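Take a look at the structure set out below.
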Amino acid sequence: MKDILTLRLYSRVARLGSFSAAAREFALAQSQVSRMVAELEASLGAKLLHRTTRAVVPTEAGSEFLVRIEPILAALEDAENSVRDSGELRGLLRVGMPTTMGLRMVMPRLAPFTQRHPHLNIELVLDDKWQDMVREAVDVGIRVGPLPDAAGVARLITTIQRVVVAAPSYLDRAGAPATPADLTRHSIVGGPATTRAASWYFERAGEKVNVDLHPQLTTNTLSGAVACAVGGMGITSTTIWACRQELDSGALLRVLPDWNTVDLPVNVYFPQGRSTRQVARAFADFITTELRAAS
């Protein structure tokens, strides 16, 4: 059991980048955690962590070791959860999702799940770029948009509407486009919610239009694109979930509201080899119910 604890400690130190943070999770002294990880390195004959005054980062060998041991630790946690009569889940659950969706749609709805499982540690990995869920040890992800790979198992939650928006100050200054083609004469804010890099798709009464655009400003986060639009920097394409608050408050207005854009699928996604985790299935069932109710 000491060996299992050591592996769990190493996993948390590597993921958190901190001996002190891992020590707090396990209610241990930092010196004890440091000693146990050092003993693990000595027994393996390999340096697993680069230690500096500012950060703790896995070495190449440490990263490979981490990827190999985490599925084993997850399987042990599942075995323990399977024999508990209470149905309460324990251990660690890592969930990956886009940043803005996490902040606006998922986090505000998590309280009932955490209250139901008070001894389950949940780590949210927020990133608007496509995550390598296997190497990040993500148990379940929420994916927005088409799935580019088929290595894992996906379950459709819902679809979300894409909208084109701008601030009143921008529209007062530049005028509102009357047709999709008019967008080529406007300042465009590009972000991860654009359809295909710089091409936006519209449809109305059977008419289909693709507009190739050249954004004046681009950002790698959805929240960044919305913030730029609110600031009057131009027109952006985003999801209704990402800008509902701004639309309700009047900080943003719909542009070309008579034209439809492509709805985006929202999937819960189990990376290859991690789809059988009990905690992942429980979270997926919970968040599917919550997000469908919000659609």
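Comparing V165, V13, V226 in a Gaussian network model of the chain (Cα springs below 10 Å), the most mobile by mean-square fluctuation is V13. Each Cα pair under 8 Å and six or more residues apart adds its separation to the average, and for segment 162-262 the resulting relative contact order is 44 percent.
Each of S63 and T159 was given a label point 7 Å from its Cα along the Cα-to-Cβ line. The distance between the two points is 3.9 nm. Helix screen, the chain: DSSP H segments with Cα axial length of 15 Å or more and mean Kyte-Doolittle hydropathy at least -0.5 are 2-16, 30-44, 60-82, 278-294. Our estimate of slack between T6 and E39, defined as 0.36 nm per intervening residue step minus the Cα-Cα distance, is 11.0 nm. Under a 5 Å amide H cut-off, with hydrogens placed 1.01 Å from N, I122 pairs with L93 among residues at least 5 apart or on other chains. Semi-axes of the equivalent ellipsoid for the chain, computed as √(5λ) from the eigenvalues of its C-alpha gyration tensor and ordered from largest down, come to 43, 21, 17 Å. Here the dipole of the chain is about 340 debye; that uses its Cα centre as origin and unit charges on the Cβ of Lys and Arg (positive) and Asp and Glu (negative).
Distance between the pseudo-spin-label points of H214 and D258 (7 Å out from Cα toward the beta carbon): 2.9 nm. Divided by 2.2 N^0.38 Å, where N counts the residues, the Cα radius of gyration of segment 15-130 comes to 1.24. Projected label points at A75 and F26, each 7 Å from Cα along the beta carbon direction, are separated by 2.1 nanometres. State the answer as a single residue: which of S43, I4, N81 lies farthest towards the positive end of the charge dipole of segment 1-83, with beta carbon charges of +1 for Lys and Arg and -1 for Asp and Glu, about the Cα centre. Selected residue: S43. Here the mean projected area of the convex hull built on the C-alpha positions of segment 162-262 is 5.5 nm². Relative intensity of segment 1-83 on a log10 scale, I(q)/I(0) at q = 0.18, 0.22 Å⁻¹, equals -0.73, -1.07, per a Debye sum over C-alpha point scatterers of equal strength in the absence of solvent.
Sparse packing (at most 13 other Cβ atoms within 10 Å of the Cβ) combined with a DSSP loop state is found for the following GluC sites (Glu not before Pro) in segment 39-105: E88.
No lab work stands behind these numbers, since they all come straight from the coordinates. Keep in mind that what you see is a predicted model, and the values were worked out from it rather than measured. Cβ atoms come from the backbone with ideal geometry, glycine included; neighbour counts cover every protein chain shown.
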